[in-house]
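Engineer: I am attaching a structure below and will ask some questions about it afterwards.
Please treat every number below as a calculation from the coordinates, not as lab data. Everything numeric here is computed off the predicted structure, so don't read it as measured data. For neighbour counting, all protein chains shown are included, and Cβ atoms are generated from backbone atoms with ideal geometry for every residue, glycine included.
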Amino acid sequence: MTSLLGRVKSAGLDRLGFRASVVALRAPAPGFRLITLAGSGLAKHLWHAGDRISLRTPEDELRSYTPFDWDQKEGRARLLIVGLGSGPGTRFVHGLAVGDEVQLLGPKRSVNLDLERAPIIVGDETILGLCAAWSNAHPDSPPIVLLEAIDVAACQAATLAIGVAPQVAVRDRASLVAATVEAVQANPAAPLILSGRAQTIAAIRRTLKHAGLSDHPVKTRAYWDENRAGLD
Ligand SMILES: Cc1cc2nc3c(=O)[nH]c(=O)nc-3n(C[C@H](O)[C@H](O)[C@H](O)COP(=O)(O)OP(=O)(O)OC[C@H]3O[C@@H](n4cnc5c(N)ncnc54)[C@H](O)[C@@H]3O)c2cc1C
C-alpha cells in the first residue's frame with residue numbers, strides 16, 4: 001500500500017511541470033536512446049544550451065537529462081540517454097515507446113554554455129547531449145570532446161547520430177586524465193568543462209592541481225556518482 005508520505009509527494013509532483021509525448025525514439029547504438037518529445041508545454045518554456053530537464057518516473061522519482069536541441073516554435077526537444085544506471089530513471093527511459101506521455105520539470109540551468117570560446121568538454125556517455133547542445137548552438141566553433149566510455153564503439157556510434165566528433169574516446173580513466181592534461185596545456189585559452197561521473201571529475205581536478213594547472217578556467221557538473229542516486 002502507498003504510504004501517506006508517498007501520496008503527498010505524488011500529489012505535489014502532480015502540480016509541477018508539464019507533459020509531453022514521445023514522438024520519435026530510436027537506438028543509435030547499443031544501450032542508447034535518442035528521444036524526441038513534443039507538446040505545447042515545450043513551446044512555452046525558454047531553454048538555453050546546457051540546461052537540463054527532469055523526468056518524473058512511475059516511482060515518483062525525478063531524473064535529470066540534457067536536451068541537445070529545443071525547438072520552441074514547434075514545441076519539440078531531443079534527448080540522448082544512455083542506459084547504464086540501475087535505478088528508476090534507466091528503467092523508465094528504456095521502457096518508453098512512441099506515443100507514451102512523460103511529465104517534465106524545467107528546463108533549469110545546469111551547465112552555463114554562455115562562453116566566448118569553444119570549450120574542452122570532458123566526461124562520459126551521459127555528456128553527449130551537453131556536447132551536442134554546444135555544437136548546435138555554435139556550429140562554426142566545435143568543442144574539443146574527450147570521453148571515457150564503457151563501450152567505446154557504441155559511444156562513438158552514438159556521437160555520430162548527434163553530430164559530435166570526439167577527439168578522444170577511451171575506456172580507462174587514466175588515459176582520459178592524461179588526454180585532459182594534454183588538451184589543457186595545448187589550449188590554454190579554452191574553458192574546461194568537466195561533467196559526467198563524479199569520481200572522474202575528482203581525479204582530473206587532482207591531476208590538474210599536481211600539474212600546476214589549477215588556474216585554468218573550469219566548470220564542473222557531476223551527472224552521476226558511483227555512490228549516490230538521483231543527482232540533479
Ligand atoms: C544535470 C544532469 C544532466 C544529465 N544529463 C544526462 C543526459 O543528457 N543523458 C544521460 O544519459 N544522462 C544524463 N544525466 C545522468 C542521468 O541523470 C543518470 O545517469 C540517471 O539519473 C540514472 O538514473 P537511474 O534512476 O537509473 O539511477 P540512480 O537511481 O540515479 O542511481 C542508481 C545507481 O546507478 C548508478 N548510475 C547512475 N547513472 C549511471 C551511469 N550513467 N553509468 C553508470 N552507473 C550509473 C548510480 O551510481 C547508482 O549506483 C544527467 C544528470 C544530471 C544531474
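Engineer: Would you mind ranking 45, 210 so that the residue whose beta carbon has the fewest other beta carbons within 10 Å leads the list?
Structural biologist: Ordered by Cβ neighbours within 10 Å, fewest first: 210, 45.
Engineer: Which residue, 55, 72, 38, has the largest displacement toward the positive end of the dipole of segment 1-75 when charges sit on each Cβ (Lys, Arg +1; Asp, Glu -1)?
Structural biologist: 55
Engineer: Right, next: Number of Lys pairs in the chain with C-alpha atoms less than 18 angstrom apart, excluding same-chain neighbours closer than eight positions?
Structural biologist: Taking the chain as the scope, the lysine pair count is 4.
Engineer: Residues of segment 169-200 with amide nitrogen under 16 Å from the 7 Å Cα-to-Cβ point of residue 156?
Structural biologist: 169-172, 176, by backbone N distance to the label point.
Engineer: Determine the shape class of segment 4-108: with a ≥ b ≥ c the square roots of the Cα gyration tensor eigenvalues, call it rounded for a/c under 1.5, and otherwise prolate if a/b is greater than b/c, oblate otherwise.
Structural biologist: Oblate shape, in that a/c is at least 1.5 and b/c is the bigger or equal ratio.
Engineer: Now a separate question. For the chain, with only Lys/Arg (+1) and Asp/Glu (-1) charged at the beta-carbon, what is the dipole magnitude about the Cα centre, in debye rounded to 20? List each step's numbers first, then the result.
Structural biologist: On the way: 26 positive and 23 negative charges, 95 e Å.
Rounded to the nearest 20 debye, it is 460 debye.
Engineer: Stokes-Einstein diffusion coefficient for the chain at 37 °C in a medium of 0.692 mPa s, Rh from the Kirkwood formula over Cα pairs: what value in µm²/s?
Structural biologist: Numbers: Rh = 18.3 Å.
Rounded to a whole number, D works out at 180 µm²/s.
Engineer: Among 61, 116, 125, whose mean-square fluctuation peaks in a Gaussian network model of the chain (Cα, cutoff 10 Å)?
Structural biologist: Largest GNM mean-square fluctuation: 116.
Engineer: Something else: What list do you get for 134, 47 if you sort them by fewest beta carbons within 10 Å?
Structural biologist: Least to most surrounded, the residues fall as 47, 134.
Engineer: With N set to the residue count of segment 120-224, report its C-alpha Rg divided by 2.2 N^0.38 Å to two decimal places. Walk me through the numbers on the way to the answer.
Structural biologist: On the way: Rg = 12.7 Å, N = 105, 2.2 N^0.38 = 12.9 Å.
Computed over Cα atoms of segment 120-224, the ratio equals 0.98.
Engineer: Let me ask something additional. Which of the trypsin sites (Lys or Arg not before Pro) across segment 44-109 are loop residues per DSSP, with 15 or fewer other Cβ within 10 Å? Write down the numbers at each step before the final one.
Structural biologist: Details: sites: 44, 52, 56, 63, 73, 76, 78, 91, 108, 109; in loops: 73, 109.
Loop-located and lightly packed - 73, 109.
Engineer: Moving on. Could you give me the ³J(HN,Hα) list for segment 49-58, computed from phi with Karplus coefficients 6.51, -1.76, 1.60 and θ = phi - 60°, whole Hz, x at Gly and Pro?
Structural biologist: For segment 49-58, the Karplus-derived couplings read 3, x, 5, 10, 10, 10, 9, 8, 8, x Hz, x marking Gly and Pro.
Engineer: Helix-derived [θ] at 222 nm for the chain: sum -39500 (n - 2.57) over DSSP H runs of at least 4, divide by residue count, nearest 500? Let's see the in-between values first.
Structural biologist: Values: 7 runs with 70 residues, N = 232.
Value at 222 nm, helices only, nearest 500: -9000 deg cm²/dmol.
Engineer: Here's another thing I want to ask about it. For the residues 218, 152, what sequence is obtained by ranking on other C-beta atoms within 10 Å, fewest first?
Structural biologist: Details: 218 19, 152 14.
With the fewest neighbours first, 218, 152 line up as 152, 218.
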